[in-house]
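The values are calculated or read from the model by the stated rules, or taken from the named source; none is laboratory data. Computed from a predicted structure; not experimentally measured. As a convention, Cβ positions derive from the backbone with ideal geometry for all residues, glycine included, and neighbour counts pool all protein chains shown.
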Amino acid sequence: MATYLNPGSAKFEETLNSDIYVDKTGMIAYLNRVVRTEQKYVCVSRPRRFGKSIAANMLASYYGKGDSRSLFESRKIAEQDNWDRYLNKYDVIKVVMTRFIKSDVSVKDSLAKMEKSIIRDIVKAYPVADYMDKTDFLQVMDDVYADTEQQFVIIIDEWDAVFRERKDDTEGQRLYLDFLRDWLKDKEYVALAYMTGILPIKKYGKHSALNMFDEYSIIAPLQLAPYSGFTEDEVRVLCDEYGRMYDQVKEWYDGYEVCDIVPPDPNYEIQKATGKPIEPKRYAIYSPVSVVKAVSSGIIQNYWNKTENYEALSEYIKMDMDGLKESVAFLMDGNRLKINISSYQNDMTSFHSKDDVLTMLIHLGYLGYDIGTKEVFIPNKEILDEFKTSTNFDDWISTFESFKKSQKLLNATWNLEEEKVAEILEWFHDGAENKTYNSEAALSYAIQMSYYAAQKYYTTIQELDSGKGYVDLAYLPSPKYPDKPALVIELKYNKTIETAFDQIQARNYPDKLSHYKGNILLVGINYNKDVSSDSKDFKRHSCKIEKV
């Protein structure tokens, strides 16, 4: 047994010998289907503590040369036909990248050390191979394959270490990705390449150096969905076995929602006739490490890692980017927030919007994501406790105060309290930068920020076409809250509240929203920057509300 070539089964045996073991060997059945196919490149990304390294050790034990039959023949994988067709059939190279990638060592030097270490193991295993150059890593692998026709299963754990240990080393990251491409892509010696980490594959422009990989992330784990954490059935079995209250475990550690692929429909013709889409199977996923600790100890509490990830949460959610802190307050109040995950660059530095930061928090495990509604949410009490810890600082006091004010603003609007609405808008203005009030467009942005608590109940539409003009802001009730009134808001800058309201009525805005008739609030808001602060009733905002 070597360190990197065919490391054996010792690590997987430790897992099997543990007091609590949840059998995830079933995932091998899927990987066996992609071995030596175009889909042989597999990248699995999910949060820390979700069993990635255990899976890597399991695969090294199954595929690697040796004799591990006794470890698998009583497991779930053995229930599959031809389950052992690749058992102990390959040379496995297993690398944990954090052993080499260090914050104080260049990527070039780290990779050179890794290459040297693997070459040593290969040459020991194949001492008589016809080597062209024993110092050339890729050439050594080519030479062994040419001599023996022996393919490799390559397992890379913590593949994304360079993006966490050397966050700002752009050139080093590019060098690393190019190395992985040169090592793995279009190589005959690769039977299966399996990478696992927290982050999906880094994007650079429109193309990726590793575009041959199929990705199975915590957002879209596809065929590996039931293996991305503990499932509800598995947790129920553990709770029954250890005499624990399942509802408490669920409240603290459940909440991650993932989907499998859309299954083939055996009644395809019936489905085609009805026109109803086939839904993928959904899984409620639990944090494995937390469940194991809670079930084994009987103590329900926060077991989340408070080192690297805690620092990341505290660091990233305080970035006041595009209303990020307000969004955090909104999520901590038990709400869901629709975001766009497509622009995230899969690293820990390239953030261009709050959605990028929130997407990263999904991959770190701090947020759940509903792929159907495209909404993020705080999944459970354990993670909410992390958010509370990370926001327990003076610089968050104003954010939570603003959120409460926003809720009061929404309630005052529903209750047609015109003076209260104007008063709260004035409060928001006093805390805002002047540039948010220097035009009607800027005023619109400021008003939206004031109403950010409305995201729970409404879809916000700017410049809604009414047929006779455009509504400045329209808040349309979500299907979950059909009883809430639609809000039609007209904004004026340095004019009068009567002007705003006259425009609403002249353009007959309610006709455009006829299906909300009888439950529409027309809201006119004027901001007058020239009101003297010496006046008796100093207030820049005025408001008029009418129900139609």
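Listed values, structure above:
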{"quantity": "Among (1) more than 25 Å from the chain's Cα centre (by Cα); (2) on the phi < 0 side of the Ramachandran plot, the one test that residue 8 misses", "calculated": "(2)"}
{"quantity": "Criterion violated by residue 48 - all others in (1) under 28 Å from residue 164 (Cβ atoms); (2) at pLDDT 95 or above; (3) in a loop (DSSP other than H, G, I, E, B); (4) not small (Gly, Ala, Ser) satisfied", "calculated": "(2)"}
{"quantity": "Among (1) at pLDDT below 95; (2) out of contact with any Gly (no Cβ under 8 Å at 6 or more places or on another chain); (3) crowded, with 18+ Cβ neighbours inside 10 Å - the single one residue 261 does not satisfy", "calculated": "(3)"}
{"quantity": "Test: residue in the range 268-291 that is at pLDDT below 85, among the aromatic types (Phe, Trp, Tyr) and over 20 Å from residue 52 (Cβ atoms)", "calculated": "yes"}
{"quantity": "The lone exception for residue 410 - which of (1) within 15 Å of the chain's Cα centre (by Cα); (2) at pLDDT 90 or above; (3) surrounded by 17 or more Cβ atoms within 10 Å (Cβ to Cβ) it fails", "calculated": "(1)"}
{"quantity": "Condition broken by residue 21, with the remaining ones in (1) in contact (Cβ under 8 Å) with a residue 24 or more places away in the chain; (2) more than 18 Å from residue 89 (Cα to Cα); (3) surrounded by fewer than 18 Cβ atoms within 10 Å (Cβ to Cβ) satisfied", "calculated": "(1)"}
{"quantity": "The listed residue being at pLDDT 95 or above and at negative phi, out of 237, 128", "calculated": "237"}
{"quantity": "Residue 343 being farther than 23 Å from residue 456 by Cα and free of Cβ contacts under 8 Å to residues at least 24 places away in the same chain", "calculated": "yes"}
{"quantity": "Cβ pairs under 9 Å, 6+ apart, first in the range 479-499 and over 25 Å from residue 443 (Cα atoms), second modelled with pLDDT of 90 or more and assigned to a helix (DSSP H, G or I)", "calculated": "480/456; 481/456"}
{"quantity": "In the range 46-90, residue surrounded by the fewest Cβ atoms within 10 Å (Cβ to Cβ) [restricted to those that are of a type in the set (Ser, Thr, Tyr) and either over 27 Å from the mean Cα position of the chain (by Cα) or over 21 Å from residue 225 (Cα atoms) (or both)]", "calculated": "70"}
{"quantity": "Selection count where residues are not β-branched (Val, Ile, Thr) and not in a helix (DSSP H, G or I), scope the range 380-412", "calculated": "3"}
{"quantity": "Single match in 296, 342, 353 (criterion: more than 25 Å from residue 217 (Cα to Cα), surrounded by fewer than 21 Cβ atoms within 10 Å (Cβ to Cβ) and either at pLDDT 90 or above or under 16 Å from the mean Cα position of the chain (by Cα) (or both))", "calculated": "296"}
{"quantity": "Test: residue in the range 179-189 that is over 23 Å from the mean Cα position of the chain (by Cα), part of a helix (DSSP H, G or I), over 23 Å from residue 59 (Cβ atoms) and free of Cβ contacts under 8 Å to residues at least 40 places away in the same chain", "calculated": "no"}
{"quantity": "Residue check for residue 156: in a helix (DSSP H, G or I), touching a helix residue (DSSP H, G or I) at 6+ places or on another chain (Cβ under 8 Å), closer than 15 Å to residue 5 by Cβ and not basic (Lys, Arg)", "calculated": "no"}
{"quantity": "Condition met for residue 93 (over 30 Å from residue 226 (Cβ atoms), surrounded by 15 or more Cβ atoms within 10 Å (Cβ to Cβ) and either modelled with pLDDT of 95 or more or of a type in the set (Asp, Glu) (or both))", "calculated": "no"}
{"quantity": "Residue within the range 449-460 that is crowded, with 20+ Cβ neighbours inside 10 Å, within 20 Å of residue 505 (Cβ to Cβ) and modelled with pLDDT of 80 or more present", "calculated": "no"}
{"quantity": "Among (1) of a type in the set (A, V, I, L, M, F, W, C); (2) farther than 30 Å from residue 297 by Cβ; (3) assigned to a helix (DSSP H, G or I); (4) in contact (Cβ under 8 Å) with a residue 60 or more places away in the chain - the single one residue 43 does not satisfy", "calculated": "(3)"}
{"quantity": "Residues of the range 99-123 classified as out of contact with any strand residue (DSSP E or B) (no Cβ under 8 Å at 6 or more places or on another chain) and assigned to a helix (DSSP H, G or I), total", "calculated": "14"}
{"quantity": "Residues of the range 129-152 that turn out to be within 15 Å of residue 91 (Cα to Cα) and buried (at least 19 other Cβ atoms within 10 Å of the Cβ), as a count", "calculated": "6"}
{"quantity": "Extreme residue, surrounded by the fewest Cβ atoms within 10 Å (Cβ to Cβ), among residues of the range 311-330 that are modelled with pLDDT under 85, of a type in the set (D, E, K, R) and assigned to a loop (DSSP other than H, G, I, E, B)", "calculated": "320"}
{"quantity": "Tally, over the range 391-407, of residues that are hydrophobic (A, V, I, L, M, F, W, C) and over 26 Å from the mean Cα position of the chain (by Cα)", "calculated": "1"}
{"quantity": "Tally, over the range 311-337, of residues that are farther than 11 Å from residue 387 by Cα and of a type in the set (A, V, I, L, M, F, W, C)", "calculated": "6"}
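Listed here are the residues, each with its yes/no results for (1) in contact with an Asp or Glu (Cβ under 9 Å, 6 or more places away or on another chain); (2) among the hydrophobic types (A, V, I, L, M, F, W, C); (3) closer than 30 Å to residue 210 by Cβ; (4) in the same structural domain as residue 210 (by TED's automatic domain parsing).
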| site | (1), (2), (3), (4) |
| --- | --- |
| 317 | no, yes, yes, no |
| 321 | yes, yes, yes, no |
| 329 | no, yes, no, no |
| 355 | yes, no, yes, no |
| 386 | no, no, no, no |
